[in-house]
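Novice: This is the structure I have questions about; it appears just below.
Computed from the coordinates by the stated procedures, all read-outs in this text should not be read as laboratory data. Everything quoted here is computed from the prediction, not taken from an experiment. Every residue, glycine as well, gets a Cβ built from its backbone with ideal geometry; the counts of neighbours run over all protein chains shown.
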Amino acid sequence: MANQLGDAAAKMAYQDKSNAVRWVDQTNYHVTLAFLGEQEEQTLEALAENLDMALPPNSIPLSVSHFSPFPESRPKLIAAMITNSEELRDLHQQVSNAIHSTAINLERRRFAPHITLGRFRHSRNQFAGAIPTSINLNTDVDEVILYESILTSHGAEYEPIYRFPLGFFDHDFESV
């Protein structure tokens, strides 16, 4: 899916003649289930244990429905919008529960699943390109990753701290 999203972003970037958008490298595409802010190492270790027990044993479907400036009221980015399915809402809730049981306070935000393709530079230059309004991409979420976000002059870089495979034991076994 990252390749298809990267192709769509590259087409939009080609139209971005005024350089109004800082485009995200497709290796950094992800869906944020929760933003933790600064946390101590022992807190992250406890969270990892809670997540390991809380996450579902199966992979879940993920569908990109369209591209859009986001958020709609005061756009700050161009995003691939994810269909907020029951399975994705359940995953978000399981992650939130694990975070709360670790005593990490989260900001109250409405869960609006998306993948950031580019961030507006907030300059006088306006993005004059076309944003495709529809797309149909589907994949399965087979891993939840706890990242450390490292801010650089080129934008954020994401360093995996813990990985939690989903559907690792999703196999069809024939009975003998």
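Novice: Go through region 125-156 and give me each residue that's touching a Leu at 6+ places or on another chain (Cβ under 8 Å) and of a type in the set (D, E).
Specialist: Within region 125-156, D140, D142, E143 qualify.
Novice: Still on this structure: Determine whether region 43-62 contains at least one residue that is surrounded by 14 or more Cβ atoms within 10 Å (Cβ to Cβ) and within 18 Å of E157 (Cα to Cα).
Specialist: No.
Novice: In the set D16, D52, D90, which member is of a type in the set (D, E, K, R), touching a residue at least 40 places away in the same chain (Cβ under 8 Å) and closer than 18 Å to G167 by Cβ?
Specialist: D52
Novice: Pull up region 39-72, narrow it to residues that are outside any loop (DSSP other than H, G, I, E, B) and among the polar types (S, T, N, Q), then point me to the one that is nearest to R121 (Cα to Cα).
Specialist: Residue satisfying both the conditions and the ranking: S68.
Novice: Further question: What's the number of the only condition in (1) within 29 Å of S153 (Cβ to Cβ); (2) among the aliphatic types (A, V, I, L, M); (3) assigned to a loop (DSSP other than H, G, I, E, B) that A103 fails to meet?
Specialist: (1)
Novice: Can you name the condition, by its number, that R119 falls short on among (1) out of contact with any Lys or Arg (no Cβ under 7 Å at 6 or more places or on another chain); (2) under 19 Å from Q15 (Cβ atoms); (3) not small (G, A, S)?
Specialist: (1)
Novice: Determine if region 20-38 includes at least one residue that is touching a residue at least 60 places away in the same chain (Cβ under 8 Å), more than 18 Å from the chain's Cα centre (by Cα) and crowded, with 17+ Cβ neighbours inside 10 Å.
Specialist: Yes, the conditions are met somewhere in region 20-38.
Novice: Turning to a different aspect of this structure: Yes or no: region 143-158 includes at least one residue that is in contact (Cβ under 8 Å) with a residue 40 or more places away in the chain, loosely packed, with under 10 Cβ neighbours inside 10 Å and of a type in the set (A, V, I, L, M, F, W, C).
Specialist: Looking for residues that are in contact (Cβ under 8 Å) with a residue 40 or more places away in the chain, loosely packed, with under 10 Cβ neighbours inside 10 Å and of a type in the set (A, V, I, L, M, F, W, C), one finds none in region 143-158, hence no.
Novice: Considering only residues of region 71-101 that are among the acidic types (D, E) and under 20 Å from A54 (Cβ atoms), which is surrounded by the most Cβ atoms within 10 Å (Cβ to Cβ)?
Specialist: E87
Novice: Has region 102-115 got at least one residue that is surrounded by 15 or more Cβ atoms within 10 Å (Cβ to Cβ), within 19 Å of E38 (Cβ to Cβ) and out of contact with any Phe, Trp or Tyr (no Cβ under 9 Å at 6 or more places or on another chain)?
Specialist: Yes.
Novice: Checking A10 against (1) over 17 Å from the mean Cα position of the chain (by Cα); (2) over 14 Å from L117 (Cα atoms); (3) surrounded by fewer than 16 Cβ atoms within 10 Å (Cβ to Cβ): exactly one of these is not met. Which one?
Specialist: (2)
Novice: So in region 130-156, with the set limited to residues that are among the small types (G, A, S) and within 17 Å of the chain's Cα centre (by Cα), which one is nearest to D16 (Cα to Cα)?
Specialist: Applying the filter and picking the extreme gives G155.
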